[in-house]
Structure formats: C-alpha cells, structure tokens
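Heads up: the structure comes next, in structure tokens.
We did not get these values from a lab; they are worked out from the coordinates using the rules stated. Because the structure is predicted, anything quoted here is derived from the model rather than measured. Because the Cβ atoms are built from the backbone with ideal geometry, glycine has one as well, and the counts that use them run over all protein chains shown.
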Amino acid sequence: MTPELHRRFIETAGAISPTLQHAFEDIGPVMLPDRRRKGLVSFLARAIVGQQLSTKAARSIWGRIEDTVSENGGRIPDFFCERNVPLLRACGVSGNKIKALCSISTAHAEGGLSPIRLEKMSREQRAAHLQTIWGIGPWTADMALIFYFREPDIWPEGDITVRKTFSRFVSGADAMPAPEAAALFSPHRSLLALYMWRIVERMPS
C-alpha cells in the first residue's frame with residue numbers, strides 16, 4: 001500500500017465513519033502477505049484445516065500435520081489420501097476436512113490446480129474452478145484469490161470476521177448498506193478486508 005493509497009483509504013473512511021478513519025490512521029499502511037512460497041496445494045489445505053478455528057488452534061493443527069507428514073516420509077499433497085486418514089484424525093482434523101484434503105490432492109494429481117492454468121483465468125473463472133473441488137467453497141476460494149493469487153479487489157462476504165467488523169462501522173439508520181460502503185474502496189477491497197482482520201487482532205482478548 002502506497003502512502004497515496006493509504007490517504008485515499010483514510011479520506012474514504014472519513015465519509016463513512018470517523019471511528020473507521022481513526023482505525024486506518026492508527027494501523028497505518030497495510031500490505032497483503034505473500035503466501036505463495038509453499039505452493040497452491042499447501043495454501044488450500046491449510047485454509048481448509050483452519051476453517052472455523054481460532055488462529056492459534058489452526059496453527060497448532062497444521063503444525064501437527066506437517067510434523068506427521070515429515071515423520072512418515074511423505075509430502076504434501078500426496079500424504080492426503082485414504083490410507084493416511086487415521087494419522088490425519090490423530091492430528092485433530094475432522095472427517096469432512098480430511099475428505100476435502102483428499103479432494104485437493106486428487107485435483108492436484110489430475111492437473112486441476114496448475115498455477116499456470118489458473119493464472120490464465122479471470123478471477124471469476126478461477127473462483128468457480130476452485131469450487132468444483134469438494135470442500136472448497138466461496139470463503140476458501142476468496143482466501144486463495146486474496147492471499148495466493150493476490151487479487152486486489154476481493155470482498156469476502158463469507159468471512160464472518162470481515163463482515164461483522166465492517167458492519168459495526170457502517171451501522172445506523174442513515175448508513176448505506178455495508179456492501180455499498182465497501183464498494184467505495186474498490187478496486188482495493190482486498191486491503192479493506194485486511195484492515196478488518198488487523199482491527200480484530202488489536203482488540204483486547
């Protein structure tokens with residue numbers, strides 16, 4: 001995020017909510033973290049594992065998965081298969097999440113997760129393609145678009161934290177609907193979502 005874009009966010013927020021404006025000023029410019037280093041399969045698998053869990057719990061389970069894969073001489077994504085279901089369960093992964101991990105592994109083996117192929121698609125096509133894999137829904141697809149493919153203008157309506165946090169700033173009888181308010185930050189709504197996560201991280205536990 002450039003200083004100019006940060007100023008634009010602050011100005012836009014000022015027309016919506018002084019509290020939101022102060023939050024942007026306090027946090028400062030934000031940048032999307034680059035989570036491409038371990039590949040798309042690992043990104044999707046970790047996103048699946050972390051669904052509906054706290055950050056701490058998700059990190060702990062994923063760490064156990066990585067340790068188990070290493071201890072058994074395997075590698076991601078080949079480890080996600082029927083014969084390793086007991087090991088994945090022992091890591092704390094639910095049955096449906098294991099099924100999703102195996103589906104991701106199969107899609108990878110069949111060439112359905114080729115980054116080169118996916119990069120050629122529009123973001124809408126990419127999201128739709130990812131959701132043909134069992135267990136990948138709109139939220140996981142949005143996370144991939146934001147953090148792996150680094151699409152700048154994704155507003156993840158399915159993320160409860162993002163939706164509820166932003167709604168708090170635009171509530172009131174005279175306020176515009178939250179999706180319309182979020183649209184004011186287009187074409188940089190991915191950064192707006194990142195701000196919502198940062199705001200929650202700063203809240204006292």
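As an exercise: evaluate residue 64 against (1) in contact with a Pro (Cβ under 6 Å, 6 or more places away or on another chain); (2) farther than 29 Å from residue 152 by Cβ and give the number of the one condition it does not meet.
Checking residue 64 against (1) in contact with a Pro (Cβ under 6 Å, 6 or more places away or on another chain); (2) farther than 29 Å from residue 152 by Cβ, the one that fails is (1).
Quick one: count up the residues across the range 96-135 that are in a loop (DSSP other than H, G, I, E, B) and among the small types (Gly, Ala, Ser). Step through it out loud before you land on a result.
Restricting attention to the range 96-135, the residues satisfying the condition of being in a loop (DSSP other than H, G, I, E, B) are 110-114, 120-122, 131-135.
From what's left, among the small types (Gly, Ala, Ser): 111-112, 114, 122, 135.
Total meeting the criteria: 5.
Could you list, in sequence order, all residues of the range 129-147 that are under 16 Å from the mean Cα position of the chain (by Cα), surrounded by fewer than 21 Cβ atoms within 10 Å (Cβ to Cβ) and in contact (Cβ under 8 Å) with a residue 12 or more places away in the chain? Walk me through how you get there before you give the answer.
The first filter runs over the range 129-147 and keeps only residues under 16 Å from the mean Cα position of the chain (by Cα), leaving 130-131, 135-147.
Narrowing the set further to residues that are surrounded by fewer than 21 Cβ atoms within 10 Å (Cβ to Cβ) leaves 131, 135, 137-139, 147.
Scanning the range 129-147 gives 135, 137, 138, 139, 147.
Restricting attention to the range 110-122, and to residues there that are among the hydrophobic types (A, V, I, L, M, F, W, C) and surrounded by 13 or more Cβ atoms within 10 Å (Cβ to Cβ), which single residue is farthest from residue 148 (Cα to Cα)? Talk me through it step by step, then tell me what you get.
First, the residues of the range 110-122 that are among the hydrophobic types (A, V, I, L, M, F, W, C): 113, 116, 118, 121.
Within this subset, residues satisfying the condition of being surrounded by 13 or more Cβ atoms within 10 Å (Cβ to Cβ) are 113, 118, 121.
Numbers: 113: 12, 118: 11, 121: 14 Å.
Filtering the range 110-122 for residues that are among the hydrophobic types (A, V, I, L, M, F, W, C) and surrounded by 13 or more Cβ atoms within 10 Å (Cβ to Cβ), the one farthest from residue 148 (Cα to Cα) comes out as 121.
Could you check, for the range 77-87, whether at least one of its residues is aliphatic (A, V, I, L, M), surrounded by 11 or more Cβ atoms within 10 Å (Cβ to Cβ) and closer than 22 Å to residue 142 by Cα?
Filtering the range 77-87 for residues aliphatic (A, V, I, L, M) gives 85, 87.
Among the residues that remain, those that are also surrounded by 11 or more Cβ atoms within 10 Å (Cβ to Cβ) are: 85, 87.
Applying the additional criterion that residues be closer than 22 Å to residue 142 by Cα yields none.
For the range 77-87, residues aliphatic (A, V, I, L, M), surrounded by 11 or more Cβ atoms within 10 Å (Cβ to Cβ) and closer than 22 Å to residue 142 by Cα: absent.
Name the pairs: first residue in the range 66-94 and under 25 Å from residue 113 (Cα atoms), second residue charged (D, E, K, R) and surrounded by 19 or more Cβ atoms within 10 Å (Cβ to Cβ), Cβ to Cβ under 9 Å, at least 6 apart or on different chains?
So the pair list comes out as 88/97.
Yes/no matrix, rows are residues, columns are (1) more than 26 Å from residue 160 (Cβ to Cβ); (2) touching a residue at least 60 places away in the same chain (Cβ under 8 Å):
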position: 36; (1), (2): no, yes
position: 42; (1), (2): no, no
position: 52; (1), (2): no, no
position: 101; (1), (2): no, no
position: 104; (1), (2): no, yes
position: 122; (1), (2): yes, no
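Name the residues in the range 4-25 that are in contact (Cβ under 8 Å) with a residue 12 or more places away in the chain and of a type in the set (Asp, Glu), would you?
Listed by number, the list holds a single entry, 25.
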